[in-house]
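Visitor: This is the structure, below, for whatever I ask next.
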Amino acid sequence: MEQRIGYAAGAFDLFHIGHLNVLKHARERCDTLIAGVVSDEMLRQVKGIEPVVPTLERVEIVKAIKWVDAVHVETVPDKLDTWREVRFTHFFKGDDWRGTERGLRLERQFAEVGVEVVYFPYTAHTSSTVLRRALAQLTAAADASALQAQLASS
């Protein structure tokens, strides 16, 4: 029987329960789980996001999770190129990709090389985007308070 090699990729920046759930559920569906950690450069290039936690620290966090057998740092934007490097049989993604243009294209490309795309429920109530927004609001509030204090002392 063919070994099921799973691949679950993400930024894993501001690590939260949604990330943990994807890795846990992915590991339940494969023999070996490789977590793809998107590099700082790729986050900037592809998503226009400045990571809060640097790549190497994110790798150490993900590597420490008991369901993860190996970590691969993604340095190319094309998932098919990543497949050529890693050779997984199953690709795990949040269901926010299901039915989207990117998701359908990924499914077609992976079907051509025999990779099954498996979707998991997206944790909408806790996401890095929500956490990033909250941090931005806190930073803005702190900056405003500091400015008020500075003006008051002038």
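Visitor: Would you tally the residues in region 93-102 being surrounded by 12 or more Cβ atoms within 10 Å (Cβ to Cβ) and farther than 22 Å from Glu28 by Cα?
Guide: Residues of region 93-102 surrounded by 12 or more Cβ atoms within 10 Å (Cβ to Cβ): 93-98.
Still in the list and also farther than 22 Å from Glu28 by Cα: none.
Residues meeting the conditions: 0.
Visitor: Hey, can you tell me all the residues within region 71-96 that are in a helix (DSSP H, G or I) and in contact with a helix residue (DSSP H, G or I) (Cβ under 8 Å, 6 or more places away or on another chain)?
Guide: To start, the set of residues in region 71-96 that are in a helix (DSSP H, G or I) comprises 79-86.
Lys79, Leu80, Trp83 - these are the residues of region 71-96 that are in a helix (DSSP H, G or I) and in contact with a helix residue (DSSP H, G or I) (Cβ under 8 Å, 6 or more places away or on another chain).
Visitor: All but one of (1) exposed (fewer than 14 other Cβ atoms within 10 Å of the Cβ); (2) at pLDDT 70 or above; (3) of a type in the set (A, V, I, L, M) hold for Val117, so report the exception by its number.
Guide: Going through (1) exposed (fewer than 14 other Cβ atoms within 10 Å of the Cβ); (2) at pLDDT 70 or above; (3) of a type in the set (A, V, I, L, M) one by one, Val117 breaks only (1).
Visitor: Tell me which of these Arg102 doesn't satisfy, since it passes every other one: (1) at pLDDT below 95; (2) in a loop (DSSP other than H, G, I, E, B).
Guide: (2)
Visitor: From the residues in region 35-53 that are without any contact (Cβ under 8 Å) to a residue 24 or more places away in the chain and over 13 Å from the mean Cα position of the chain (by Cα), which one is farthest from Trp83 (Cα to Cα)?
Guide: Of the residues in region 35-53, the ones without any contact (Cβ under 8 Å) to a residue 24 or more places away in the chain are 40, 44, 48, 50.
Remaining after also requiring over 13 Å from the mean Cα position of the chain (by Cα): 44, 48, 50.
On the way: Arg44: 21, Gly48: 23, Glu50: 25 Å.
The residue in question is Glu50.
Visitor: Given the criteria over 20 Å from Leu14 (Cβ atoms) and basic (Lys, Arg), does Arg87 qualify? Before you say what the answer is, go through the steps one by one.
Guide: Working: over 20 Å from Leu14 (Cβ atoms): yes; basic (Lys, Arg): yes.
Yes, satisfied.
Visitor: Taking Val113, is it aliphatic (A, V, I, L, M) and under 18 Å from Ala11 (Cβ atoms)? I'd like the intermediate steps shown before the answer.
Guide: Working: aliphatic (A, V, I, L, M): yes; under 18 Å from Ala11 (Cβ atoms): no.
No.
Visitor: Can I ask one more? From (1) touching an Asp or Glu at 6+ places or on another chain (Cβ under 8 Å); (2) loosely packed, with under 14 Cβ neighbours inside 10 Å; (3) in contact (Cβ under 8 Å) with a residue 12 or more places away in the chain; (4) not in a loop (DSSP other than H, G, I, E, B), pick out the condition that doesn't hold for Gln3.
Guide: Condition (4) is where Gln3 drops out.
Visitor: I want to confirm something. Restricting to region 70-92 and keeping residues that are closer than 19 Å to Glu28 by Cβ and free of Cβ contacts under 8 Å to residues at least 40 places away in the same chain, which single residue is surrounded by the fewest Cβ atoms within 10 Å (Cβ to Cβ)? Spell out the reasoning first.
Guide: Kept after step one, since they are closer than 19 Å to Glu28 by Cβ, are these residues of region 70-92: 70-71, 88-92.
So of that shortlist, the ones also free of Cβ contacts under 8 Å to residues at least 40 places away in the same chain come out as 70-71.
Values: Ala70: 14, Val71: 19.
Going through the qualifying residues, I end up with Ala70.
Visitor: Can you tell me how many residues in region 6-58 are part of a loop (DSSP other than H, G, I, E, B) and surrounded by 14 or more Cβ atoms within 10 Å (Cβ to Cβ)?
Guide: Taking region 6-58 and keeping what is part of a loop (DSSP other than H, G, I, E, B), we get 11-16, 29-31, 39, 48-54.
Applying the additional criterion that residues be surrounded by 14 or more Cβ atoms within 10 Å (Cβ to Cβ) yields 11-16, 29-31, 39, 49, 51-53.
Within region 6-58, residues that are part of a loop (DSSP other than H, G, I, E, B) and surrounded by 14 or more Cβ atoms within 10 Å (Cβ to Cβ) number 14.
The values are calculated or read from the model by the stated rules, or taken from the named source; none is laboratory data. As the structure is a prediction and not an experimental result, all values here were calculated from the model. All Cβ positions, even for glycine, are placed from backbone atoms using ideal geometry, and neighbour counts span all protein chains on display.
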